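Student: Have a look at the structure that comes next, please.
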Amino acid sequence: MEKTWFKEPRYAWIGLGSLWTIGFVGALMRFIMAFFQVQISDDLGIGRGFISMAWSTNLLLAALCAPFGGWLADRYGPKRVLLISALLSTAGTGTVVFGHHPAVFFLGYGVICGLAGIGTTTTYMLIFDWFRHHRAKATGLLASASSLGLAISTPIFVAFRSLTWHDAFIVSFTLGLVVTLPTILFGIKGPRTASGGEAADSSAGMAETPELSADVPKPNRKRVFQSISAHLAIYGIVACALFACGFNMGTVEMNLVAIHQLASVPPGMIALSMSLLGVMEIAGSLVVGFMLDRLNKLAMLTLLYGIRVVGFSLLFLHLAWSPASFAMAFGFTYLSAVPGGLLIVNEYAGGKGKHTGWLLLFHQGGGILGSLVGGLSFDYFHDYQALIGADIVICMLVTLGYCYLYLSRRRSGFRLSRNKEAAA
């Protein structure tokens, strides 16, 4: 009999620790592009526009590869796809390490590392398969890996000023070989479908399905149509929510410091707000993950995007306490919107890997658009107010969308209970 820890199989927690380690190592790449842009530009003799183009290409390829990776994971298993993704990422960093040329940098980081996006869906697929009682907590813990990796990498490279972007790529390449690849091979177990666990769960669920019961008539066309409509509504609203989340992240990661600087925020306050943002990322992922396991997920996502509306509204007003307040509000919701949306699709609509890939494509597309709109709006309006206003509007629409899903599910549940009482 499989040993359990906190009602979950032991291998699930071991696998979560392995995925967390992989995410922690992967955070170094995010740090390099944020911290060493000037140094990369000077050493390779390229403009920052070229670096931005490499970053955008990486993000675009990762977005396009996500649905394909989901299909591959459904067909061949998420562990194999995750391993291929890690090999591509390691090959990309190795290309940059061993080729000191702008074209090689673009090929290694922009193209090869971008193709590693086929593994984007695999972590969610594994977590959703391994865990039954603590899925949201597991996704929250996993999301904290990148933020903590970034928080640890920053002071190390700041303290040792002799370290360069090339050194950082060497470290990333080495960790990929000696940590990431062995961790995937020996620390991650495939889905429990391989051992029949999922089949057992599925058969149990089939036995409880009213449509297959001899005492309950088969659903008519109206009910089938209503079920399809409900599923489409869930997929549509979650896709819009993930697009909005990506747009928000594109705004924050590419433009937040510039927004504060344009508003004449003191450098000390900017540094404090960015540190507070990182702390709240980790705290929010754990707290929201804990609450998602215990409360209604649709209600929680409604609240989450409502908090984002408040945060961006404060940022729009540029009050003295706006930087810190925005950091607290957005940081608390930063890492929970994507896993929360995927949990809703998995729970209410039975989403698979290919569906997860398409949904993450919307998120990546929003990130690309958010970063581009920031630059275009500044060139045209000479400020970022239009960008922040767009964030407020799309977050408000998503809040209303999740609220609609929550209320409609409550009404359908209420009607079902009344029908059961009438039949009794």
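Student: Could you check how many residues of region 284-316 are free of Cβ contacts under 8 Å to residues at least 24 places away in the same chain and outside any helix (DSSP H, G or I)?
Tutor: 2
Student: Out of Thr174, Thr123, Thr164, I need the residue that is closer than 25 Å to Ser41 by Cα and open to solvent by less than 50 Å² (accessible area, probe 1.4 Å). Which one?
Tutor: Thr164
Student: Please work out which residue is nearest to Thr120 (Cα to Cα), limiting yourself to region 92-107 and to residues that are aliphatic (A, V, I, L, M) and open to solvent by 30 Å² or more (accessible area, probe 1.4 Å).
Tutor: Here the answer is Leu107.
Student: I'm trying to understand the selection: among the residues of region 180-191, which are open to solvent by less than 40 Å² (accessible area, probe 1.4 Å) and farther than 11 Å from Leu83 by Cα?
Tutor: Hits for region 180-191 are Gly187, Gly190, Pro191.
Student: Sticking with this structure for a sec: Going by what's in this entry, would Gly367 be described as in a helix (DSSP H, G or I), touching a Ser or Thr at 6+ places or on another chain (Cβ under 7 Å) and modelled with pLDDT under 90?
Tutor: no
Student: If you check Ser89 against the conditions, is it under 23 Å from Ile184 (Cβ atoms), open to solvent by 10 Å² or more (accessible area, probe 1.4 Å) and touching a Cys at 6+ places or on another chain (Cβ under 8 Å)?
Tutor: For Ser89, the condition - under 23 Å from Ile184 (Cβ atoms), open to solvent by 10 Å² or more (accessible area, probe 1.4 Å) and touching a Cys at 6+ places or on another chain (Cβ under 8 Å) - is met.
Student: Here's a follow-up. When you go through Gly140, Gly114 one by one, which is the residue that is at pLDDT 80 or above and surrounded by 22 or more Cβ atoms within 10 Å (Cβ to Cβ)?
Tutor: Answer to the check: Gly114.
Student: Further question on the same structure: With the structure loaded, tell me whether Phe68 is closer than 20 Å to His363 by Cα and either open to solvent by 50 Å² or more (accessible area, probe 1.4 Å) or not assigned by the TED database to the domain that holds Phe50 (or both) or whether it fails that test.
Tutor: yes
Student: Can you tell me how many residues within region 256-283 are more than 10 Å from Gly331 (Cα to Cα) and either part of a loop (DSSP other than H, G, I, E, B) or aliphatic (A, V, I, L, M) (or both)?
Tutor: Residues meeting the conditions: 13.
The values are calculated or read from the model by the stated rules, or taken from the named source; none is laboratory data. Treat the numbers as computed from the prediction; the structure is a model and nothing was measured. Don't worry about glycine lacking a Cβ; one is built from the backbone with ideal geometry, like all the others, and counts go over all protein chains shown. For the accessible areas, the whole protein counts, side chains as well, though only heavy atoms, and no ligand, DNA or RNA atoms are used. Shrake-Rupley method; radii C 1.70, N 1.55, O 1.52, S 1.80 Å.
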